[in-house]
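Quick note: the coordinates plus some simple rules give every number you see, no bench work behind them. Remember, it's a predicted structure, so these values are computed and weren't measured experimentally. Here the Cβ is made from the backbone with ideal geometry for all residues, glycine too, and neighbour counts use every protein chain on show.
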Amino acid sequence: MLDQLLGLIQQNSQEAIVQNPAIPNEKNDDVMQTLLGSVTGGLQEHVHSGNIQGIMGLLSGNSGTSSSSLMNNPIVSSIATKAISAIMQKFGMDSSAASGIVASVLPGVLGGLISKISNPGDSSIDFNGMLGGLLGGGSSTANQAQSSGFDFNQIGYAMADGKLDMSDLMRMGGSLMGGGNTSAAANNQQQSGGMDLGGLLGGLFGK
C-alpha cells in the first residue's frame with residue numbers, strides 16, 4: 001500500500017514540489033514523505049473511528065474523482081488539513097504555500113489511487129489490500145475478513161459499478177450485527193453515534 005501511494009505522490013509532485021523554488025531539492029523527498037504520512041494517517045483515523053462506509057465510498061469513486069469533488073469530500077478535507085499543518089510545521093512554510101502544494105498534489109494522488117483500487121483488472125492494489133493495510137493487518141487481515149465472509153473487493157467493485165450504494169452497505173452492516181430488521185439495526189447503531197462498522201470489523205478480525 002505504501003509503495004503504491006508513494007509512487008502516486010512522486011508522479012503528481014513534479015511541478016508542485018520538485019520544480020518549486022520554495023522547496024530545496026534536498027527536501028523534496030521529505031515533503032513527499034510528509035504527504036504520504038498525512039494521507040495514510042488520515043485514512044487510518046477514519047477507519048479506526050468506524051467510518052468504513054465513508055472510506056469505501058471514497059475509494060470506490062462514489063464521491064466523484066474530479067479535483068473539486070475530491071477536495072470537498074470530508075475525508076479528503078481532513079487529510080488536506082493534516083498535510084498542510086505538517087508541511088507548515090516541518091518546513092517553515094506559510095499557510096498559502098503549504099495549501100498550494102497540497103491542492104496541487106492530493107487530488108491527483110487520490111484520483112490515481114481510486115482508479116487503481118476500483119479497477120478489478122489492476123492487480124497492484126485492491127480493496128482488501130488497502131483496507132487490510134489501514135487496519136494494520138496487511139494481507140493477513142484481508143484474508144481474515146474474507147474467511148469471515150466479509151470481502152472488501154466484492155463490496156468495493158459493486159460500489160464502483162454503481163450496483164451498490166451507501167444505504168446497501170449500511171444494511172449489510174446491520175445484517176452482520178444481527179437482528180431480524182437489518183435496516184433498523186443499522187439505523188439504531190447510526191443514531192447511537194454512527195454505524196460502528198469499524199467495531200464490527202474489529203470483532204471479525206479479533207482486534
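A few comments on the model shown:
- Note, ³J(HN,Hα) from phi for the range 12-19, Karplus 6.51, -1.76, 1.60, rounded to Hz, x at Gly and Pro: 9, 10, 4, 7, 6, 10, 4, 9
- Its Cα gyration tensor gives the range 2-117 an equivalent ellipsoid. The semi-axes, each the square root of 5 times an eigenvalue, are 23, 14, 13 Å from largest down.
- In order along the range 49-64, the Karplus-derived 3J(HN,Hα) couplings, from 6.51 cos²θ - 1.76 cosθ + 1.60 at θ = phi - 60°, round to 8, x, 8, 4, 5, x, 5, 5, x, 5, 5, 7, x, 5, 8, x Hz, and Gly and Pro are given as x.
- Distance between the pseudo-spin-label points of D3 and N25 (7 Å out from Cα toward the beta carbon): 2.8 nm.
- Listed peptides 99-110, 27-38, 11-22 by packing density, highest first (mean Cβ within 10 Å): 99-110, 27-38, 11-22
- ³J(HN,Hα) computed for each position of the range 71-77 - Karplus, 6.51 cos²θ - 1.76 cosθ + 1.60, integer Hz, glycine/proline x: 5, 8, 5, x, 5, 5, 4
- Estimated distance in nm for a label pair at D151 and Q33, the labels positioned 7 Å out from Cα along Cα-to-Cβ: 3.9
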